[in-house]
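Peer 1: Handing you a structure now.
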């Protein structure tokens, strides 16, 4: 069974075709990088997989289940999580409160009105152990908007991890980070459970290829190439569009 | 948490003791402050917690007041029927309006809640045979609860309102601290993130919208008994806007701030109307001053002085 299967996906914005006949399949536990120049349709693909956009045509299956028409939150309940390229956090909440919301999101208590959240010990315990595991315990009571940009990117990853997702989409997790911060975020991704299937959009080729098993190259909304890291590295078409080869 | 419960109990003790020292006129002003406090807190659930700026919140207050008034005058002055009916109608109207309003966001939400509120105002104004039009519904009687104290007296009625005020504060405090209430704050901060975390955002907003409508209805119920009179002005935009001002003045996103804001506005209105007719002008000036000097409201101002970070 595939963890995520994308079948002949096409998406148009008005007259502009953002994705055209894109198909790919990811096995459970596999890590796939999606690379390609700006405007290749990478983030659009993520937005369709998570349900933010409805595709013009094509199907999406999560562990065999067709989720093409499911709303965003139902896909999350099925174990799909993501991060955003532009940090999408809770600016005025503390880090602990943010992680609590992430933990609570998949808990049956998430809609309870008549009991204080503080009385749910297991939510707090899980949030605190996540913060401790990912070395953010000392930031727990800081308001998110007061964190450094690098720390905010880590919180972004932590929110996506909190529900122990089966499929995780990472949209340029290291964008805008210094080399040192990039290294620590990459280290964080390397430490993710191998049970989690990961799709990674990444501009930094070295970072991307270091973290994944396989690569798909998107160019102008189409799959240009796919294969092992080495195959992609030596593919002349990829070199032409991505590495800016002289004969492009 | 402990200190909060203690200060809450102390505040309640003061409210219980106050009738002993207040004149009957001052007591009636305090009663009105409590009623408008419930109204402002109900709006805060939308504005301060869910981040939904409603400019039509008077609709639910007014529709409940009209329901209770009409039933008491035309059908039967029976508390056990009229009072729940007021809450029910407020809840039903907010459930209906919510379907339309929650299709929009931000300033569009503001405009559509305003428009829906004005529809009710138009009905109350135009349907003279039912609502009395511009003249409103006069001489709405207070209910008889078969208690040894008649609610026609100022002191028993004050305690009657205080019971509901306390219940409303307790219920709202529980709601905003519950997983549901925390999720509302998450939605205020980032809707997209909440969806991706597995929250059915629309459902949270819809339930919050109805709850806010029912609590506003509670205030409307109490108000029509208190005032003995309701007119279309309790349904219109000016009343909705002054509720927004109460919330912002007190501190949106804090539970009791809006109740304090309501008390200040009711007190000032009462004081200033004794000297001049341009009360709305004063409201506008207050709004400008709050926005400039206390963007987090009075509660935010006090917290800042005490060195706490904003919520």
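Peer 1: Viscosity 0.890 mPa s, temperature 25 °C: Stokes-Einstein D of chain A from its Kirkwood Cα radius, in µm² per second? Let's see the in-between values first.
Peer 2: On the way: Rh = 18.9 Å.
Stokes-Einstein gives a translational diffusion coefficient of 130 µm²/s.
Peer 1: Take the Cα atoms of the protein assembly as shown, find their three principal axes, and give me the spread along each one in whole Å, biggest first.
Peer 2: Ordered largest first, the protein assembly as shown gives principal extents of 90, 49, 42 Å.
Peer 1: Between region A:16-40 and region B:254-311, what's the alpha-carbon centroid distance in Å?
Peer 2: 54
Peer 1: What FRET efficiency do you get for residue B:129 and residue A:114 if R0 is 41 Å and r is their Cβ-Cβ distance, rounded to the nearest 0.05? Before the final figure, lay out each step's value.
Peer 2: On the way: r = 43 Å, r/R0 = 1.04.
Calculated value: 0.45.
Peer 1: Follow-up question, since we're still on this one. Between B:178, B:42, B:129, find the one with the highest GNM mean-square fluctuation for chain B; connect C-alpha pairs within less than 10 Å.
Peer 2: The residue with the greatest mean-square fluctuation here is B:129.
Peer 1: Quick one: helix A:121-133 against the long Cα principal axis of chain A, what's the angle to the nearest 10°, folded into 0 to 90?
Peer 2: 50
Peer 1: By how many degrees, 0 to 90 and rounded to 10, does the Cα axis of helix A:179-191 deviate from the longest principal axis of chain A?
Peer 2: It works out to around 80 degrees.
Peer 1: When only Cα pairs under 8 Å and 6 or more residues apart are kept, what is the percent relative contact order across region B:212-300? Kindly include the intermediate steps, with their values, before the conclusion.
Peer 2: Numbers: 64 pairs, mean separation 25.1, N = 89.
Relative contact order, region B:212-300: 28 percent.
Peer 1: In addition: From Cα pairs below 8 angstrom and at least 6 apart in sequence, can you work out the relative contact order of chain B, rounded to a whole percent?
Peer 2: Working: 474 pairs, mean separation 100.1, N = 311.
Taking the mean separation of contacting Cα pairs over the length of chain B, I get 32 percent.
Peer 1: Other chains near A:159-171: what is the mean number of their Cβ atoms within 10 Å of each residue's Cβ?
Peer 2: Values: counts 4, 3, 0, 1, 3, 0, 1, 0, 0, 0, 1, 0, 0.
Mean partner-chain Cβ count within 10 Å for A:159-171: 1.
Peer 1: Which order do the peptides A:185-194, A:156-165, A:24-33 come out in when sorted by mean C-beta neighbours inside 10 angstrom, highest first? Can you show the working numbers first?
Peer 2: Working: A:185-194: 14.8, A:156-165: 22.7, A:24-33: 17.7.
The packing order, highest mean first, is A:156-165, A:24-33, A:185-194.
Peer 1: Something else now. From other protein chains only, count the Cβ atoms within 10 Å of every residue's Cβ in B:224-232, then give the mean. Display every interim value, and only then the final one.
Peer 2: Numbers: counts 0, 0, 0, 0, 0, 0, 0, 0, 0.
Per residue, the number of nearby Cβ atoms from other chains is 0 on average.
Peer 1: Apply 1/(1 + (r/R0)^6) to the Cβ-Cβ distance of residue B:203 and residue A:203, taking R0 = 25 Å, and write down the FRET efficiency to the nearest 0.05.
Peer 2: Values: r = 37 Å, r/R0 = 1.48.
Calculated transfer efficiency: 0.10.
Peer 1: Normalising by the residue count of region A:4-242, find the relative contact order in percent from Cα pairs under 8 Å and 6+ residues apart.
Peer 2: Working: 409 pairs, mean separation 69.5, N = 239.
So the answer I get is 29 percent.
Peer 1: If you don't mind, another one. Taking square-rooted eigenvalues a ≥ b ≥ c of the alpha carbon gyration tensor, is region B:75-194 rounded, prolate or oblate, where a/c under 1.5 means rounded and, failing that, a/b exceeding b/c means prolate?
Peer 2: Here region B:75-194 falls in the oblate category.
Peer 1: Moving to a separate point now. Which value in nm describes the separation of the simple spin-label points at residue B:103 and residue A:137, placed 7 Å from the Cα toward the beta carbon?
Peer 2: Modelled inter-label distance: 5.1 nm.
Peer 1: Is there a simple number for the mean count of other chain Cβ atoms within 10 Å of the Cβ of residues in A:100-107, and what is it? Could you put the intermediate results ahead of the total?
Peer 2: On the way: counts 3, 12, 6, 1, 8, 10, 3, 2.
That average works out to 6.
Peer 1: Here's something else I'd like to know. Under a plain spin-label model, where a point goes 7 Å from the Cα along Cα-to-Cβ, how far apart in nm are residue B:96 and residue B:111?
Peer 2: A separation of 2.4 nm, rounded to one decimal place.
Peer 1: In addition: Taking Cα centroids, how far is region B:144-211 from region B:1-63 in Å?
Peer 2: 12
Peer 1: Over its Cα atoms, what ratio of radius of gyration to 2.2 N^0.38 Å does region A:1-74 give?
Peer 2: 1.06
Peer 1: Going by the alpha-carbon gyration tensor, a ≥ b ≥ c the square roots of its eigenvalues, is chain B rounded (a/c under 1.5) or, if a/c is not under 1.5, prolate (a/b greater than b/c) versus oblate? Intermediate results must be reported in sequence, preceding the final value.
Peer 2: Numbers: a/c = 1.44, a/b = 1.17, b/c = 1.22.
Rounded, because the longest to shortest axis ratio a/c is under 1.5.
Peer 1: What angle, in degrees between 0 and 90 and rounded to the nearest 10, separates the Cα long axis of helix A:95-104 from the longest principal axis of the Cα atoms of chain A?
Peer 2: Taking the Cα atoms of chain A, the angle to A:95-104 is about 80 degrees.
Peer 1: Kindly list the residues of region B:1-15 that lie in the label zone of residue B:166, defined by a backbone N under 18 Å from the point 7 Å along the Cα-to-C-beta vector.
Peer 2: Under 18 Å, as judged by backbone N against the label point of residue B:166, lie B:4-15 of region B:1-15.
Peer 1: Determine which residues of region B:1-41 fall in the zone a paramagnetic label at residue A:124 would reach in this model, i.e. backbone nitrogen under 12 Å from the point 7 Å along Cα→Cβ.
Peer 2: Residues B:1-2 qualify, since their backbone N sits under 12 Å from the label point.
Read-outs throughout are calculated quantities, based only on the coordinates presented, and are distinct from any laboratory measurement. Worth saying up front: this structure is predicted, and the values here are computed from it rather than measured. Glycine gets a Cβ as well: all are built from the backbone with ideal geometry, and neighbour counts include every protein chain shown.
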